């Protein structure tokens with residue numbers, strides 16, 4: 001049996017149609033997965049870019065962190081309580097500006113890694129000028145002191161004096177064999 005040219009063309013056309021249909025069926029079932037994977041790849045590339053930027057910025061962050069840590073007071077890790085030294089420093093700063101601290105009550109020490117924080121509740125009395133100068137001096141200390149709560153009331157009518165209380169949070173580090181500052 002001999003295949004004619006017409007039958008050959010019809011056979012090839014039929015085979016091409018079957019192959020095209022099979023290819024379409026296979027591609028159509030995979031196209032949703034392909035779009036999902038394409039979107040995932042785009043998101044992952046964006047995350048990679050963000051993480052690479054964060055890694056580049058890490059050196060700057062570490063430099064800033066080291067600079068801030070140098071500003072902190074370092075106490076010996078064997079020292080039981082640092083609150084007397086911190087209260088003495090706060091008292092000397094307040095005396096320098098004419099602010100009288102009547103009572104100071106330390107809270108418990110809160111460690112956060114190598115950094116420690118101690119809150120001191122101070123009851124005070126003085127003029128507005130002495131209070132402002134005291135707060136400005138605390139701010140000049142950098143990250144050592146942070147006034148988180150400040151309550152102010154007048155002492156009496158036309159006395160020009162104020163009183164109140166404030167919570168000063170003191171930040172410091174503890175290192176073995178560190179000198180007392």
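Given the options 160, 142, name the one that is assigned by the TED database to the domain that holds residue 88, out of contact with any helix residue (DSSP H, G or I) (no Cβ under 6 Å at 6 or more places or on another chain), on the phi > 0 side of the Ramachandran plot and touching a residue at least 24 places away in the same chain (Cβ under 8 Å).
After applying the criteria, what remains is 160.
From the set of residues in the stretch 96-110 that are exposed (fewer than 13 other Cβ atoms within 10 Å of the Cβ) and without any contact (Cβ under 8 Å) to a residue 24 or more places away in the chain, which is nearest to residue 175 (Cα to Cα)?
Among those that are exposed (fewer than 13 other Cβ atoms within 10 Å of the Cβ) and without any contact (Cβ under 8 Å) to a residue 24 or more places away in the chain, it is 110.
Looking at the stretch 111-131, which of the residues that are within 20 Å of the chain's Cα centre (by Cα) and not in a strand (DSSP E or B) is surrounded by the most Cβ atoms within 10 Å (Cβ to Cβ)?
Among those residues, the one meeting the criterion is 114.
Condition check ((1) assigned to a helix (DSSP H, G or I); (2) in contact with a helix residue (DSSP H, G or I) (Cβ under 9 Å, 6 or more places away or on another chain); (3) within 24 Å of residue 72 (Cβ to Cβ)) across all residues:
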site	(1), (2), (3)
95	yes, no, yes
102	no, no, no
109	no, yes, yes
133	yes, yes, yes
136	yes, no, yes
174	no, no, yes
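Condition check: closer than 30 Å to residue 172 by Cα, modelled with pLDDT under 85 and loosely packed, with under 10 Cβ neighbours inside 10 Å. Does residue 71 satisfy that?
no
The values are calculated or read from the model by the stated rules, or taken from the named source; none is laboratory data. Just so you know, these numbers come straight off a predicted model, no measurement behind them. Here the Cβ is made from the backbone with ideal geometry for all residues, glycine too, and neighbour counts use every protein chain on show.
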